[in-house]
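Structure first, commentary second.
The values are calculated or read from the model by the stated rules, or taken from the named source; none is laboratory data. Fair warning: this is a prediction, and the values are worked out from it, not measured in the lab. Glycine also receives a Cβ, built like all others from the backbone with ideal geometry; neighbour counts cover every protein chain displayed. Please note that ligands, DNA and RNA were not included when accessible areas were found on the heavy atoms of the full protein model with its side chains. Shrake-Rupley method; radii C 1.70, N 1.55, O 1.52, S 1.80 Å.
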Amino acid sequence: AMSTQGKRVKKVIADMLVFTEKKGIIGLEMKTFHDSTQRLLRQLRSYVVTCDYVYVVCHDRHVPEVEKILKRHRFPYVGIIAYTEFKGEPMAGIYQEAQKSPQKSTFHALNMLWKVELLRLLSTLKKPHEVAMREQGRFDYIDIMKTDSKYLNSFTKKMKKSQIISEILSWLGEEEANKVLCQVFIQDRLHIERAITLKHFNPPKERRDLDG
């Protein structure tokens, strides 16, 4: 479980997460004919703080129960994709469109990354000139698993994961950080620098003043 920003969220393994440039993170929780909806509420509580849009993909037999759960626990913004089988092939359709989750927290979404990846992202934001040099091929990309003290000072290494995420959010803001996170997965998690473009290299005013 993780507790931050006044919310307590239990970690669940998502069935499917889709990272997009325009809609952010779309979460899909699957319930097949033989599955139970018993754990659905706990699963949805994690999905709605991590994803921008959430769908329950379920067999027709589960639709009435899923509708009850969404109504009873006030998840009107969670969508339903229902399917049935015809000659052994699934036939699916959108039963209820998903709306943007009002509980979405980019903090929780960033927590999906490993600590070393978050450090890589933070160091990229702090050292834009070195990133630009790498982009120009002036020296090779550095594998995130081999991050060393040249790029991450000792203070940064000692930071807790929650502190690193808060620092990233202070640089980018919620919306921009969410876009960058999606790009990290779209581009390739091994090369986080590719997800950061020059438009992100505008540190907060107070940090510009401190840096001179």
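Numerical summary
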{"quantity": "With DNA, RNA and ligands ignored, accessible area of residue 86 (1.4 Å probe; Å², nearest 10)", "calculated": "120"}
{"quantity": "Summed residue charge, Cβ within 15 Å of residue 113's Cβ, Lys/Arg positive, Asp/Glu negative", "calculated": "+4"}
{"quantity": "For residue 75, net neighbour charge (Lys/Arg +1, Asp/Glu -1) across residues whose Cβ lies under 12 Å away", "calculated": "+3"}
{"quantity": "Links that overshoot a 26 Å alpha carbon limit, given the list 23/71; 31/179; 11/179; 126/161", "calculated": "31/179"}
{"quantity": "Accessible surface of residue 30 - all protein chains present, 1.4 Å probe, nearest 10 Å²", "calculated": "60"}
{"quantity": "Residue-count net charge about residue 33 - beta-carbon cut-off 9 Å; Lys, Arg +1, Asp, Glu -1", "calculated": "-1"}
{"quantity": "Cβ-derived FRET efficiency at R0 30 Å, residue 19 paired with residue 161, nearest 0.05", "calculated": "0.90"}
{"quantity": "Gain upon complete extension [residue 71, residue 11; 0.36 nm per residue less C-alpha separation]", "calculated": "19.3 nm"}
{"quantity": "Residue 121 - accessible surface, heavy atoms, 1.4 Å probe, Å² rounded to 10", "calculated": "0"}
